[in-house]
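See structure below.
The values are calculated or read from the model by the stated rules, or taken from the named source; none is laboratory data. Note that the structure is predicted; figures quoted are calculated from it, not measured. Glycine also receives a Cβ, built like all others from the backbone with ideal geometry; neighbour counts cover every protein chain displayed.
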Amino acid sequence: MHTRLFDDIDWVGYVDYPIRDFHSYDTERGATYNAYLVRDAKTALIDTVKAPFADHLLRNVAELTDLAAVDYIVCNHAEPDHASALPRIVEALPQAKVVCDRRCRDTLAAYHDVASWQFELVKTGDRISLGRRTLDFVETPMVHWPESMVTYVPEDKLLFSMDAFGQHYATSQRFDDELFLPTIMYEAKKYYANIVTPWGKQVWATLEKAAHLPLSMIAPAHGVIWRTHLKTILDAYAGWAAGRMKPKVLVIYDTMWESTAQLADAITEGATQPGVEVMPMHVRRTSLTRLATEALDCATMALGSATLNRGMMPAAAAALNYLEGLRPVGKAAMAFGSYGWGKGAPEAIDRWIDEMPWEKLRGPLRCQYRPTPALLEEGRAAGRLLAQKAKELADGAG
């Protein structure tokens, strides 16, 4: 199965409909591993797939050309979802050279026995002529691994963008104008939030490079291909990379005997103001994937937990650990929670906020056993503070 992008340029990847977990990223819509074949006087395979799907890829390529006629295998990224099939692919394409940068070659050598592979190492500014078409290479370190690069076909204004602009979205349609755009954009946001967020500065640098490239199509390594809504996805990436925020408040919490839930309800009530989106999220009733997605463009957060064994409840600790790894910047937050005979959770969250690149709005809001009416009113006041700060941060980010 293949799909035409341009004359003699085809998608030859694999659609993984059943997958629901991608190294702890929830993929409820499945995933794709996109690979592309460019046929000219010389033929190039752009990226490969996960190892279990190598034969599917080879069958797709064989529908279009003799396997022995493939001259190059371009590896834009050595992560196993794109490159673990390479040993099988290299074996099946006997004359093909593996084209990648030096760091990618070294990373591939850490995963595979590459002693017999033919490599052609490239760097930013290098070009390979295929005949009527050329392949230009731009290294994009830390978008989102150190060895990452993108490949550009200037004759078609086509960018093979590696993981950038991708989504985990299994579908029989290949292009952005064949599906419901808000769904694609949500999946693109989710992908960015959970995978790319820590590398915002590097993404911004890559966007600046891409701004100088005339583009008619962006073909990422996951999800649908952008041919109609390029401005939409480029503008979205620019906003995410710049840390642009909405007037949006998250109330993230876990509770034991509903005392912390009552505080969360009071904070939510106070934050519910005109022009502000408020989203309470019970961490055991949502996923880390969704939590990170909503955190990407929120301006403020209230983070709460009941106390268990002098610390946070396990799911609350996991949520904070996940956010800490993604490290979104520029937000404001506060801690809240409850305790019985021994304190712990609100104080631990408060210390966690101190370690993040965020503003702390106030000290922890905490109750012993049950919140009093006065404490619930203090929670509503804290919510109003969160909403006001969210408006300020969103206005300032615009």
Which numbered condition in (1) surrounded by fewer than 18 Cβ atoms within 10 Å (Cβ to Cβ); (2) touching a residue at least 24 places away in the same chain (Cβ under 8 Å) is the only one that residue 148 fails?
(1)
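Residues to consider are 197, 260, 228; find the one that is over 29 Å from residue 5 (Cα atoms), of a type outside the set (Asp, Glu) and over 20 Å from the mean Cα position of the chain (by Cα). Before the answer, list the steps.
Details: 197 fails: over 20 Å from the mean Cα position of the chain (by Cα); 228 fails: over 29 Å from residue 5 (Cα atoms).
Every option except 260 fails the conditions.
Test of understanding: among 251, 203, which residue is in a helix (DSSP H, G or I) and crowded, with 18+ Cβ neighbours inside 10 Å?
Details: 251 fails: in a helix (DSSP H, G or I).
The match here is 203.
Of all the helices (runs of 4 or more DSSP H) wholly in segment 277-380, which have at least 2 residues that are touching a helix residue (DSSP H, G or I) at 6+ places or on another chain (Cβ under 6 Å)? Walk me through how you get there before you give the answer.
Numbers: elements: 288-296, 314-326, 345-355.
Ranges flagged: 288-296, 314-326.
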For segment 1-105, which helices (runs of 4 or more DSSP H) that fit wholly inside it have 2 or more residues that are at pLDDT 95 or above and charged (D, E, K, R)?
54-62, 86-92
Could you tell me whether any residue of segment 219-229 is assigned to a loop (DSSP other than H, G, I, E, B), out of contact with any helix residue (DSSP H, G or I) (no Cβ under 6 Å at 6 or more places or on another chain), surrounded by fewer than 16 Cβ atoms within 10 Å (Cβ to Cβ) and not assigned by TED's automatic domain parsing to the domain that holds residue 299?
no
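Report yes if some residue within segment 13-29 is touching a residue at least 60 places away in the same chain (Cβ under 8 Å) and closer than 24 Å to residue 137 by Cβ; otherwise report no. It would help to see each step written out before you state the result.
So in segment 13-29, the residues touching a residue at least 60 places away in the same chain (Cβ under 8 Å) come out as 15-17, 19, 22, 24-27, 29.
From what's left, closer than 24 Å to residue 137 by Cβ: none.
The answer is no, given that none of the residues of segment 13-29 is touching a residue at least 60 places away in the same chain (Cβ under 8 Å) and closer than 24 Å to residue 137 by Cβ.
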When the residues of segment 17-69 are filtered to those that are of a type in the set (S, T, N, Q) and more than 17 Å from the chain's Cα centre (by Cα), which remaining residue is nearest to residue 97 (Cα to Cα)?
43
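Considering only residues of segment 340-372 that are among the basic types (Lys, Arg) and closer than 15 Å to residue 312 by Cβ, which is modelled with the highest pLDDT? Please lay out each step first, then the result.
Going through segment 340-372, the residues among the basic types (Lys, Arg) turn out to be 343, 351, 360, 362, 366, 370.
Checking which are closer than 15 Å to residue 312 by Cβ leaves us with 343, 351, 366.
Details: 343: 85, 351: 97, 366: 94.
Checked segment 340-372; the qualifying residue modelled with the highest pLDDT is 351.
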State whether the residues of segment 170-177 include one that is among the acidic types (Asp, Glu) and at pLDDT 95 or above.
yes
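Could you list, in sequence order, the residues of segment 138-157 that are in a strand (DSSP E or B) and touching a strand residue (DSSP E or B) at 6+ places or on another chain (Cβ under 6 Å)? Working first, answer last.
Let us first name the residues in segment 138-157 that are in a strand (DSSP E or B), namely 138-139, 149-153.
Selection gives 138, 139, 149, 150, 151, 152.
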List the residue pairs whose Cβ atoms are under 6 Å apart, where the first residue sits in segment 296-309 and is assigned by TED's automatic domain parsing to the domain that holds residue 266, the second is at pLDDT below 95 and part of a strand (DSSP E or B), and the two are 6 or more positions apart or on different chains.
307/339
Of residues in segment 21-55 being of a type in the set (A, V, I, L, M) and closer than 17 Å to residue 69 by Cβ, the one surrounded by the most Cβ atoms within 10 Å (Cβ to Cβ)
35
